[in-house]
């Protein structure tokens, strides 16, 4: 929590510093506006009829002109910079008017910002220092997608330079940290095979690329994507990064720590982000804000669900939940700051995006450190695993579906059982489910597995100090005994047959009765499993040939 408070304090200080010398320009306060066809020449500036009330409309196919309503700017601000947060337009022209009637024009266009672009997603127009005082500023946007995306400021030259320097340092540091976080989390995901770390690596990668595109750092190598293309790509990547972060949270916890419904809900929010982000990225008019309410709702609902899920998993004892809680606290604290404080035109022109980028870098580094710390305990866990080797051996001797002893486990335990009861003979009941293939064909293999599990549970009741149950595989089960005569073995087999054949299998039992056939074999204390199994298998064949749902002995003994 101390670290979170430190981050909050840093962000608050940044906001205060960035806002100190900045002057925000908004439509109506103090900007007046006019709308003309896009063929209107720049020389028509003096003839335009500006209005300072209401909001502009119908400019997407033409030109939107914005004029600073201040009639005369202070003389000490002749060295002035106009900073425009880049958005979707075909051309942007800045006009600086002076007291002697001079007009200086500077222009950028889609795909060519020249030397006017600045880190922090800004376009900078420097008002030239003239002998006459600067009296006004006019901005012309051709084919602007939406005025709602505009963030405009004016600043003194010195303050603007400091602003851009700090923004560059923050963005650069964040991108480097996100790159390191991407590589490290990807390596961890491969090394320890944890899916949520792979999703976290994807989130860090998407956020890093989004940060490079949004901040315009990418224009160093791809200047041609300036403007609309970078805005569209940035919009989609921001949605993709939210989706990847959500999937990281959805896959961080197993069924033991988080209900499946919550994991699916988070995954659903993640899936919904992709088409919504794609629609917003492709829009070239006000429709880019058509689903703003839905977008906001999805993010809030997603964040609330993830927070609840982390708390749930933490309470259930998940180590990942504690790591995620620490990692997510930084961006959530940042979200609180950008929600409570209007920084759309502050924080070095980057607005909430630069705060999110900075917090995201700390988030991925936090999670990387937390995961590394947990990996340091692997040696202790490995020692504990070695101490549990006996238990693992037990699991290896069990059938995974029914929990009964498998062939290996049954033979090993049978030897022990015979050694403890050396005076008595040995016996084996080989049990086969009649027409089990028909059960699978009619009701499906999943239902067939349920039938086998019920039979195994019923058979397990017959285990005791001198009896041992197991499953060979498929629909074949075993019951081994010691100290019984052949007659007693037959009586036991008959009781077992009736018990298993009367087992209730729900919907299966309504349509058909599930019965079993049993082959019985008897041997001395030294009889091997293979001997007994061969005799019992021959007896089982006789039971099948005789019509099933019965007990049979080897042919040599039956007579």
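Cβ-Cβ distance of residue 109 and residue 148, R₀ of 25 Å, FRET efficiency by 1/(1 + (r/R0)^6): the value works out to about 0.70. Relative intensity of segment 203-251 on a log10 scale, I(q)/I(0) at q = 0.20, 0.28, 0.32 Å⁻¹, equals -0.61, -0.94, -1.11, per a Debye sum over C-alpha point scatterers of equal strength in the absence of solvent. Only Cα sites of segment 447-496 enter the Debye sum here, all with the same form factor; the resulting log10 I(q)/I(0) across q = 0.15, 0.17, 0.26, 0.32 1/Å is -0.43, -0.54, -1.05, -1.28, listed in q order.
Computed over segment 466-552, the percent of Cα pairs more than 22 Å apart is 26.
What the pair-distance distribution of segment 156-299 shows, using all Cα-Cα distances binned every 5 Å from zero, is 2, 10, 14, 17, 17, 16, 12, 7, 3, 1, 1, 0 percent. Across all Cα atoms of segment 391-558, the radius of gyration (one decimal) and Dmax (whole number) stand at 15.4, 48 Å. Compactness of segment 43-187, taken as the C-alpha radius of gyration over 2.2 N^0.38 Å, stands at 1.23. Put in line by how crowded their Cβ is, counting other Cβ atoms within 10 Å and starting with the fewest, 95, 477 read 95, 477. Could you please state, rounded to a whole Å, how far the C-alpha centre of segment 124-148 is from the C-alpha centre of segment 404-458? Cα centroid to Cα centroid, the span is 85 Å. For segment 481-516 and segment 162-209, what is the separation of their Cα centres, given in Å? About 62 Å separates the Cα centre of segment 481-516 from the one of segment 162-209. Using the empirical formula 2.2 N^0.38 Å as the baseline, the Cα radius of gyration of segment 400-484 reaches a ratio of 1.19. If every alpha-carbon in segment 240-285 counts as one equal scatterer, what log10 I(q)/I(0) does Debye give at q = 0.17, 0.26, 0.34 1/Å? The Cα Debye sum returns log10 ratios of -0.51, -0.85, -1.13. Spin-label model, residue 256 to residue 476: label points 7 Å out along the Cα-to-beta-carbon direction sit 3.5 nm apart. In this simple spin-label model, placing a label point 7 Å from the Cα along the Cα-to-Cβ direction at both residue 159 and residue 526 gives a separation of 10.4 nm.
Taking label points 7 Å from Cα along the Cα-to-Cβ direction, residue 401 and residue 191 give a separation of 4.0 nm.
Here, each number is a calculation from the coordinates, and none is a lab measurement. Bear in mind the structure is a predicted one, so any value in this text is a computation, not a measurement. Don't worry about glycine lacking a Cβ; one is built from the backbone with ideal geometry, like all the others, and counts go over all protein chains shown.
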